[in-house]
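Any read-out appearing in this document is the output of simple, stated calculations on the displayed coordinates, not a laboratory observation. All values reported here derive from a predicted model rather than from experimental measurement. As a convention, Cβ positions derive from the backbone with ideal geometry for all residues, glycine included, and neighbour counts pool all protein chains shown.
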Amino acid sequence: MEANTMQEAAMLLVPENAAGGDVPKGYIMPVEDRPTAYAPVAPIPVIDIGLLSGERKADSGDEETAKLRSALESWGIFMVTNHGVEPRVIDAMCSASREFFQRPLEEKMKYSQAVDGDKYEDYHQGYGGKELKLEHKSTRDWVDRMFLQVEPQDHRQLHLWPESFRDVLHEYFVQQSSLVNKSLLPAMARLLGFDDDFFVEKLQGRALTFARLSHYPSCPRPDLVLGVKSHTDATVVTVLMVDNNVSGLQVLKDDVWYDVPSPPDPHALLIFVGDTTEMISSGNFKASVHRVVTNAQNERTSVAMFYVPSPEEIAPADDLVNGSSLHGASK
Ligand SMILES: O=C(O)CCC(=O)C(=O)O
Ligand SMILES: [Fe+2]
């Protein structure tokens with residue numbers, strides 16, 4: 001069967017008529033990887049990132065700095081509030097994503113990766129297909145996806161961006177990259193004893209930013225399947241927002257899966273430490289191992305932004321490799 005036929009796309013995507021029935025065999029996880037009946041709630045810190053930025057960072061950020069350090073060194077995941085991304089923009093991004101996934105398959109397929117054949121093979125941009133196709137031989141994730149390169153801006157394949165969210169995805173990215181480059185990465189660099197621009201420099205030159213919109217339909221057997229299997233992100237950081245805060249995200253710590261709770265503020269954003277940061281920090285900061293479980297009642301939509309450095313910039317920082325202490329380092 002040709003990769004770009006509707007038939008194959010439909011086979012690869014989550015069956016729309018599964019609710020109320022059994023799940024197809026291809027989605028059933030091996031017993032050892034299935035969700036546990038009970039997961040404790042992870043004590044994920046909520047950090048007022050505004051207190052760690054700009055003028056205020058010197059005098060009022062001590063408690064927030066301690067929380068950030070603890071999150072980076074243990075869970076590899078935390079929530080941020082007071083982050084400068086407008087609630088209006090977050091709400092618009094959520095509605096636009098939800099609206100896209102509700103369209104009929106033929107409409108979504110107009111943005112399919114298959115439209116241009118293998119032209120964008122490197123990053124599998126567009127709706128559906130390739131990421132799932134790679135999993136032909138393993139268990140499939142219970143998810144519908146859209147994957148787009150957002151930065152560098154001149155590499156955007158705008159014909160794969162639904163017009164309904166072009167403007168809002170751009171605005172969301174601009175506000176969020178200001179959070180990442182001006183507040184978050186400088187605060188992380190200071191904890192390692194480096195200048196504010198240490199991580200930001202890693203992202204310059206050929207900085208790559210990707211957006212992955214994920215829609216997890218409700219599932220008749222959440223005990224058998226996963227929305228996304230266990231993984232770490234190959235990023236410096238990943239920023240995630242979840243529509244209506246429907247739960248489902250879990251993090252692994254000491255071999256136990258924990259539920260990530262809903263944030264106290266519906267417009268809080270979740271930050272994941274990625275593999276690159278773990279490597280650059282010589283393991284002092286931990287990449288979060290996470291997965292998504294499904295839900296029998298609720299569907300769930302999330303938007304993840306992946307901040308990836310240019311490949312030549314990825315190497316452990318000399319100062320850390322040579323044994324200087326994370327805690328002892330000071331600016
Ligand atoms: O949907 C989520 O909550 C997480 C998605 C995720 O981990 C990913 O896209 O890498
Ligand atoms: Fe992830």
For the range 65-73, 3J(HN,Hα) per residue [Karplus equation, 6.51 cos²θ - 1.76 cosθ + 1.60, θ = phi - 60°, Hz, x = Gly/Pro]: 4, 5, 5, 5, 4, 5, 5, 5, 8
Determine the alpha carbon to alpha carbon distance for each of Lys110/Lys253; Lys108/Lys229; Lys110/Lys202 and list only those over 30 Å. Lys110/Lys253; Lys110/Lys202
What does the extension gain come out to for Asp254 and His170, with contour length at 0.36 nm per residue minus their alpha carbon separation? 26.4 nm
Which chymotrypsin sites (Phe, Trp or Tyr not before Pro) in the range 227-297 sit in a loop by DSSP (not H, G, I, E or B) and have at most 14 other Cβ atoms within 10 Å of their own Cβ? none
Excluding Thr81 itself, what net charge comes from residues whose Cβ is under 9 Å from its Cβ, given Lys and Arg +1 and Asp and Glu -1? -2
With each label point set 7 Å from Cα along the Cα-Cβ vector, what nm distance links Glu106 and Asn298? 3.4
Amide N proximity, the range 287-307 versus Lys229 label position 7 Å along Cα-to-Cβ, cut-off under 14 Å: 290-292
